[in-house]
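Participant: Dropping a structure here in structure tokens format, bear with me for questions.
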Amino acid sequence: MVHNENRLRMIIICGMFAAITAVLSQLVIPIPLVPITGQTLAVGLTATILGSKYGAISMICYMLLGAVGLPVFAEAKGGLGVIIGPTGGYIISFFIAAFVIGFILEKTSFNIAMAFIANIIGMIITLTIGTIQLKYVADLTWSAALAGGVYPFIIVGLIKAFLASWIGISVRKRLIQAKLLRGTTKQSAA
């Protein structure tokens with residue numbers, strides 16, 4: 001019975017984080033080719049709080065909601081066309097980045113410093129996969145793909161990685177204290 005309650009709780013929490021990602025996706029600064037959005041902040045928060053498995057599940061849920069046409073992607077877009085379009089690689093990368101961020105934290109320690117490192121690695125994963133798809137789908141040169149898909153995101157990505165780390169670790173601690181989330185043996189006091 002307790003196992004089923006925990007499973008149901010985690011399914012609900014994954015759905016909530018998919019919804020949080022949809023909301024943060026609407027925070028958009030339009031620039032040519034790929035807009036700056038709150039999506040990657042949501043990915044980092046989700047993975048930092050939930051860990052690898054549930055972070056990845058949340059991002060898969062988010063991607064599936066958008067794939068079926070719900071307007072959850074940036075600028076209230078949805079549909080499979082967005083995922084296979086020029087910016088779809090960023091969306092596809094979210095579940096991979098979330099898994100890696102959570103995995104790093106689970107294997108090291110849930111503290112702000114490790115979360116920052118993990119979120120930077122997640123940012124690199126997202127920018128790499130996103131830029132590769134942008135280059136090939138939009139038929140760009142590598143220099144044009146990097147100029148439109150990486151360079152504008154480096155500074156803002158570092159800021160979002162720090163915010164995801166700081167906020168994520170704080171929220172995670174509170175959710176564990178409230179017994180809404182289970183901690184790990186590598187939980188840090190930092």
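Participant: Set Lys and Arg Cβ to +1 and Asp and Glu Cβ to -1, take the dipole of the chain about its Cα centre, and tell me which of L180, I159, W142 lies farthest positive.
Facilitator: Checking the options against the dipole of the chain, the answer is L180.
Participant: Here's something else I'd like to know. To the nearest 20 debye, what is the magnitude of the charge dipole of region 2-177 about its Cα centre, counting +1 on the Cβ of each Lys and Arg and -1 on the Cβ of each Asp and Glu?
Facilitator: Numbers: 10 positive and 4 negative charges, 86 e Å.
That gives a dipole near 420 debye.
Participant: Can you find, among A67, I169, P35, the residue sitting farthest towards the positive end of the charge dipole of the chain, where Lys and Arg contribute +1 and Asp and Glu -1 at Cβ?
Facilitator: I169
Participant: Could you calculate, for region 90-142, the ratio of the Cα radius of gyration to the Kirkwood radius, expressed as Rg to Rh?
Facilitator: On the way: Rg = 13.1 Å, Rh = 11.7 Å.
Across region 90-142, the Cα-based Rg/Rh ratio is 1.12.
Participant: Place +1 on the Cβ of every Lys and Arg and -1 on the Cβ of every Asp and Glu in region 1-125, take the dipole about the Cα centre, and give the residue among N119, H3, Y54 whose Cα lies farthest towards its positive end.
Facilitator: It is H3.
Participant: Continuing with this model, one more query. For the chain, which DSSP H helices look membrane-span-like by this rule: Cα extent along the axis of 24 Å or more and mean Kyte-Doolittle of at least 0.5? If you can, show how the numbers build up before the last one.
Facilitator: On the way: long enough: 2-24 (33 Å, 1.07); 88-107 (29 Å, 1.73); 112-137 (36 Å, 1.72); 154-177 (34 Å, 1.23).
Helix filter hits for the chain: 2-24, 88-107, 112-137, 154-177.
Participant: Between N4 and L158, what length comes free when the chain is fully extended (0.36 nm per residue of separation minus the Cα-Cα distance, one decimal in nm)? Each step should come with its number before you reach the end.
Facilitator: Values: separation 154, 0.36 × 154 = 55.44 nm, distance 3.84 nm.
Extra length available between N4 and L158 comes to 51.6 nm.
Participant: When the helix-only estimate is applied to the chain (DSSP H runs of n ≥ 4, each -39,500 (n - 2.57), divided by the residue count), what is the mean residue ellipticity at 222 nm, nearest 500 deg cm²/dmol?
Facilitator: That comes out to -23500 deg cm²/dmol.
Participant: Within a 10 angstrom radius of the beta carbon, how do K53, K179 rank from fewest other beta carbons to most? Walk me through the numbers on the way to the answer.
Facilitator: On the way: K53 15, K179 9.
Listed from fewest to most nearby Cβ atoms, that is K179, K53.
Participant: Quick one: W166, W142, fewest Cβ neighbours within 10 Å first, how do they rank? Walk me through the intermediate numbers first.
Facilitator: Values: W166 14, W142 10.
By the 10 Å Cβ count, ascending, the order reads W142, W166.
Participant: Let me ask something else about it. Suppose the chain between L80 and V68 were pulled fully straight at 0.36 nm per residue; how much longer would it get relative to their current alpha carbon spacing?
Facilitator: On the way: separation 12, 0.36 × 12 = 4.32 nm, distance 0.68 nm.
Length gained, L80 through V68: 3.6 nm.
Participant: Going by how many other beta carbons lie within 10 Å of each one, how would you line up E106, E5, fewest first? Walk me through the numbers before you get to the answer.
Facilitator: Details: E106 16, E5 9.
With the fewest neighbours first, E106, E5 line up as E5, E106.
Participant: Also: Computed FRET efficiency, Cβ-Cβ of K53 and I117, R0 25 Å: what is it to the nearest 0.05? Write out the running numbers ahead of the final one.
Facilitator: Details: r = 20 Å, r/R0 = 0.80.
FRET efficiency, K53 to I117: 0.80.
Participant: Right, here's the next one. Starting from the Cα gyration tensor of region 1-141, multiply each eigenvalue by 5, take the square root, and state the resulting semi-axes largest first in whole Å.
Facilitator: Working: eigenvalues 131, 67, 29 Å².
With the √(5λ) rule applied to region 1-141, the semi-axes are 26, 18, 12 Å.
Participant: What distance in nm separates the two pseudo spin-label positions at T141 and L175, each 7 Å out from Cα along the beta-carbon direction?
Facilitator: Each label point lies 7 Å from its Cα, and together they span 4.5 nm.
Participant: Between rounded, prolate and oblate, where does region 18-71 land on the alpha carbon gyration tensor, with a ≥ b ≥ c its root eigenvalues, rounded for a/c under 1.5, else prolate if a/b exceeds b/c?
Facilitator: Numbers: a/c = 2.40, a/b = 1.41, b/c = 1.70.
Judged from the Cα gyration tensor, region 18-71 comes out oblate (a/c at least 1.5, b/c at or above a/b).
Taken together, the values in this text are just the output of simple stated rules run on the coordinates, not laboratory data. This one's a predicted model, so the numbers in the text were calculated from it and none came from an experiment. All Cβ positions, glycine included, derive from the backbone under ideal geometry; neighbour counts span all protein chains shown.
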